[in-house]
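Worksheet: one structure, shown below.
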């Protein structure tokens, strides 16, 4: 049965106006009839004539109006389709799997070809694979894509098929489909190019320091000192001038530089060859000059870029100098740092730091000392030294230590069995909260990474934190430290503490057990005074000898037992030579209490093999894989360990692998070494 066509909306209301007017006229006629019968009869005649004329006109024109509306609708659909087809914005209709079912002329121009039947969008825009299309719960997605060398923002929107009939003139949808995807491409190539140009013109601030200015000047004749400085100035100015930057000399050994970000990338890719160029300056100086470079970049304001540069240069100096550090809003990047920092014979800095520490300790009632996780002899001995300083300043002190390793056990037991020391001398992380109050300070020794400390929570519980360490700083540091004494050239933290003790308290009263602990820390970290030893190392050892350290006792203390000796031999037997210069050994299924200590000792032993530049021992322990890295002087193992999340010194470093097995850990280490060799970092 043919359905009756009805009008709706405003058009229907418009067509009903004659009926409304007829009703009003009839009502008026009745009112006039009641007032004057003759006038009412006359008006009735006119009302009847009006109704007849309107009825004839209404029913005669209604079919004509409906026909015109149908014709208009058809023409409107054709115009609409033509406008959409010729729309200057690339537009296409996709199925949920990315199949193209319709597209306009501009879309065809963008992809530079006519899509064949049943083609998928990824065949023309590779960035728009099926995984990039909106899924259930996602109404719209936007992402930037590339097509034929230009950049586009692709807007993908899910559109329900409800309301689209089989008579749709634009396109026909497959049956049983719930939605289609409307794709609209916006060309942003020019905008991106302008954005890149604007980004490239941003300012990068930098600071350049001559690390060893005084030492270099002292190593050359006085009449040549001005010439040496002039040559260094020329190297710096020429290097920055080549990238259209500016240089301003702030002091005799400090420079401020400003360059565009575009050229900043160039010198970063060049790996800051200025560091090596300055070392080549030689007019008779017995010591090459080294530079530290700190660069800062911020998208917001220039002042923030300068602040970043100051942080970067401080970090470069704290890591030993002879390197470049870049800090931006994303993080910190390191370049260089392949050589060991030259040790300074003066102990002025140690005295200044000792006096500052004494003031902090005097102002507090309690001192809590802690080292790093899996405390070694260096961290233990340094903590004992700070404990003695606090005790002589008549302050209550505690040492946080959780796991007692095999190397520390003999000294730890000696203190626990000595009646001169209180029972709460050593506490654990769980006990810290009971001992902390408003008048408590924390001293961190042998680490500067908060996540590596025995109790990271302690750093948040106290307001006064002091850090003493001899490891190079990384991007994660203890930020709330009021005093940070980090000397990367020091052989051990015990060496630094031994110097501090000579100034922090007059005639400090060290017991022989305490002196043995500090001396043991120096001896272990220097591998029996064979690595990283300088004049100040032996002076610190001599001071401990004067305080009663027993060399024979310490030597006997750290002799290996038979299981440990066999474990070390097992590690050495598993060693392989990688690239002819790197020894890599592994140790799993450990049968000794502290396998990481054995691994570190084995790494030292591997350096005795001729031709080996660096050694790496990977030890599985407590669900993690610990890496002990050692070198003599040819390779910087610290930068290698930083690549896998560790750190340390140039010739003594370490790292940890979590959630992996030994095979993958070894593969990762080898891949890092390969990459750094190719890039010239080692």
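Results for (1) assigned by TED's automatic domain parsing to the domain that holds residue 453; (2) crowded, with 23+ Cβ neighbours inside 10 Å; (3) touching a strand residue (DSSP E or B) at 6+ places or on another chain (Cβ under 6 Å); (4) not in a helix (DSSP H, G or I), shown as yes or no for each residue.
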site	(1), (2), (3), (4)
368	yes, yes, yes, yes
385	yes, yes, no, no
390	yes, yes, yes, no
399	yes, yes, yes, yes
414	yes, no, no, no
419	yes, no, no, yes
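Answer yes or no as to whether residue 529 is without any contact (Cβ under 8 Å) to a residue 24 or more places away in the chain, assigned to a helix (DSSP H, G or I) and surrounded by fewer than 24 Cβ atoms within 10 Å (Cβ to Cβ). Outline the logic, then answer.
On the way: without any contact (Cβ under 8 Å) to a residue 24 or more places away in the chain: yes; assigned to a helix (DSSP H, G or I): no; surrounded by fewer than 24 Cβ atoms within 10 Å (Cβ to Cβ): yes.
For residue 529, the condition - without any contact (Cβ under 8 Å) to a residue 24 or more places away in the chain, assigned to a helix (DSSP H, G or I) and surrounded by fewer than 24 Cβ atoms within 10 Å (Cβ to Cβ) - is not met.
Condition first: surrounded by 14 or more Cβ atoms within 10 Å (Cβ to Cβ) and in a loop (DSSP other than H, G, I, E, B). Now tell me which residues in segment 280-317 satisfy that.
Within segment 280-317, 281, 285, 287, 288, 289, 290, 297, 298 meet the criteria.
Cβ-Cβ distance below 6 Å, separation of 6 or more or different chains: which pairs start in segment 89-107 with a residue that is assigned by TED's automatic domain parsing to the domain that holds residue 158 and on the phi > 0 side of the Ramachandran plot and end on one that is surrounded by 18 or more Cβ atoms within 10 Å (Cβ to Cβ) and at pLDDT 80 or above?
98/121
Which of the residues that make up segment 582-592 are surrounded by 15 or more Cβ atoms within 10 Å (Cβ to Cβ) and not in a strand (DSSP E or B)?
At the first step, the residues of segment 582-592 found to be surrounded by 15 or more Cβ atoms within 10 Å (Cβ to Cβ) are 582-587, 590, 592.
Answer for segment 582-592, where residues must be surrounded by 15 or more Cβ atoms within 10 Å (Cβ to Cβ) and not in a strand (DSSP E or B): 590, 592.
May I ask you to verify whether residue 567 is touching a helix residue (DSSP H, G or I) at 6+ places or on another chain (Cβ under 8 Å), closer than 29 Å to residue 518 by Cβ, at pLDDT 90 or above and not assigned by TED's automatic domain parsing to the domain that holds residue 522? Give the derivation first.
On the way: touching a helix residue (DSSP H, G or I) at 6+ places or on another chain (Cβ under 8 Å): yes; closer than 29 Å to residue 518 by Cβ: yes; at pLDDT 90 or above: no; not assigned by TED's automatic domain parsing to the domain that holds residue 522: yes.
No.
Kindly check whether there is at least one residue in segment 509-521 that is within 19 Å of residue 654 (Cβ to Cβ) and either buried (at least 20 other Cβ atoms within 10 Å of the Cβ) or modelled with pLDDT of 85 or more (or both). Write out each step before concluding.
We begin by selecting, within segment 509-521, every residue within 19 Å of residue 654 (Cβ to Cβ); these are 521.
Imposing the further condition that a residue be either buried (at least 20 other Cβ atoms within 10 Å of the Cβ) or modelled with pLDDT of 85 or more (or both) reduces the set to 521.
Yes, segment 509-521 has at least one match.
Count, please, the residues in segment 409-433 that happen to be farther than 19 Å from residue 459 by Cβ and free of Cβ contacts under 8 Å to residues at least 12 places away in the same chain.
Within segment 409-433, residues that are farther than 19 Å from residue 459 by Cβ and free of Cβ contacts under 8 Å to residues at least 12 places away in the same chain number 8.
Being more than 22 Å from residue 568 (Cα to Cα), surrounded by fewer than 22 Cβ atoms within 10 Å (Cβ to Cβ) and out of contact with any helix residue (DSSP H, G or I) (no Cβ under 8 Å at 6 or more places or on another chain) is the filter here, so list the residues in segment 620-645 that pass it.
Of everything in segment 620-645, those that are more than 22 Å from residue 568 (Cα to Cα), surrounded by fewer than 22 Cβ atoms within 10 Å (Cβ to Cβ) and out of contact with any helix residue (DSSP H, G or I) (no Cβ under 8 Å at 6 or more places or on another chain) turn out to be 633, 634, 642, 645.
Of everything in segment 244-259, what is under 20 Å from residue 199 (Cα atoms) and crowded, with 17+ Cβ neighbours inside 10 Å? Give them in sequence order.
The initial filter retains those residues of segment 244-259 that are under 20 Å from residue 199 (Cα atoms), namely 244-246, 257-259.
Within segment 244-259, 245, 257, 258, 259 qualify.
Of all residues being outside any helix (DSSP H, G or I) and crowded, with 19+ Cβ neighbours inside 10 Å in segment 546-581, which is nearest to the chain's Cα centre (by Cα)? Just the residue, please. Even if it seems obvious, please write down each step before you answer.
Filtering segment 546-581 for residues outside any helix (DSSP H, G or I) gives 547-550, 558-561, 574-581.
Keeping just the survivors that are crowded, with 19+ Cβ neighbours inside 10 Å gives 547, 549, 575.
Values: 547: 46, 549: 45, 575: 34 Å.
If we take residues in segment 546-581 being outside any helix (DSSP H, G or I) and crowded, with 19+ Cβ neighbours inside 10 Å, then 575 is nearest to the chain's Cα centre (by Cα).
For segment 268-279, give me each residue that is outside any loop (DSSP other than H, G, I, E, B) and either modelled with pLDDT under 80 or surrounded by fewer than 18 Cβ atoms within 10 Å (Cβ to Cβ) (or both). Quick ask: steps written out before the conclusion?
Within segment 268-279, the subset outside any loop (DSSP other than H, G, I, E, B) is 268-269, 274-279.
Hits for segment 268-279 are 268, 269, 276, 277, 279.
Given the condition touching a helix residue (DSSP H, G or I) at 6+ places or on another chain (Cβ under 6 Å) and either without any contact (Cβ under 8 Å) to a residue 40 or more places away in the chain or assigned by TED's automatic domain parsing to the domain that holds residue 650 (or both), answer yes or no: does some residue in segment 319-329 qualify? Even if it seems obvious, please write down each step before you answer.
Applying the first criterion (touching a helix residue (DSSP H, G or I) at 6+ places or on another chain (Cβ under 6 Å)) to segment 319-329 yields 323, 325, 327.
Next, from what is left, pick out any that are either without any contact (Cβ under 8 Å) to a residue 40 or more places away in the chain or assigned by TED's automatic domain parsing to the domain that holds residue 650 (or both): 325, 327.
Within segment 319-329 (the criterion being touching a helix residue (DSSP H, G or I) at 6+ places or on another chain (Cβ under 6 Å) and either without any contact (Cβ under 8 Å) to a residue 40 or more places away in the chain or assigned by TED's automatic domain parsing to the domain that holds residue 650 (or both)), the answer is yes, since at least one residue qualifies.
Right, residue 539: surrounded by fewer than 18 Cβ atoms within 10 Å (Cβ to Cβ) and in contact with a helix residue (DSSP H, G or I) (Cβ under 6 Å, 6 or more places away or on another chain) or not?
no
Testing residue 660 on (1) under 27 Å from residue 470 (Cβ atoms); (2) outside any helix (DSSP H, G or I), one condition comes back false. Which one is that?
(1)
Exactly one condition in (1) within 20 Å of the chain's Cα centre (by Cα); (2) crowded, with 21+ Cβ neighbours inside 10 Å is false for residue 265; which is it?
With (1) within 20 Å of the chain's Cα centre (by Cα); (2) crowded, with 21+ Cβ neighbours inside 10 Å applied to residue 265, the lone miss is (2).
Return yes or no: is residue 437 part of a helix (DSSP H, G or I) and either assigned by TED's automatic domain parsing to the domain that holds residue 366 or without any contact (Cβ under 8 Å) to a residue 40 or more places away in the chain (or both)?
no
Let me confirm something: among 515, 490, which residue is within 19 Å of residue 384 (Cβ to Cβ), in contact with a helix residue (DSSP H, G or I) (Cβ under 6 Å, 6 or more places away or on another chain), assigned by TED's automatic domain parsing to the domain that holds residue 362 and free of Cβ contacts under 8 Å to residues at least 40 places away in the same chain? Don't jump to the end; show me each part of the working.
On the way: 490 fails: free of Cβ contacts under 8 Å to residues at least 40 places away in the same chain.
After ruling out the rest, the residue left standing is 515.
For segment 105-138, which positions are in a loop (DSSP other than H, G, I, E, B) and under 31 Å from the mean Cα position of the chain (by Cα)?
First, the residues of segment 105-138 that are in a loop (DSSP other than H, G, I, E, B): 112-119, 124-129, 133-138.
Within segment 105-138, 126, 127, 128, 129, 133, 134, 135, 138 meet the criteria.
Take the conditions touching a helix residue (DSSP H, G or I) at 6+ places or on another chain (Cβ under 9 Å), outside any loop (DSSP other than H, G, I, E, B) and either free of Cβ contacts under 8 Å to residues at least 60 places away in the same chain or surrounded by fewer than 21 Cβ atoms within 10 Å (Cβ to Cβ) (or both) and apply them to residue 442. Does it pass? Please lay out each step first, then the result.
Values: touching a helix residue (DSSP H, G or I) at 6+ places or on another chain (Cβ under 9 Å): yes; outside any loop (DSSP other than H, G, I, E, B): yes; either free of Cβ contacts under 8 Å to residues at least 60 places away in the same chain or surrounded by fewer than 21 Cβ atoms within 10 Å (Cβ to Cβ) (or both): no.
Criteria not met by residue 442.
The values are calculated or read from the model by the stated rules, or taken from the named source; none is laboratory data. Remember, predicted model here, so these are calculated numbers, not experimental data. Positions of Cβ are backbone-derived with ideal geometry, glycine not excepted, and every protein chain shown enters the neighbour counts.
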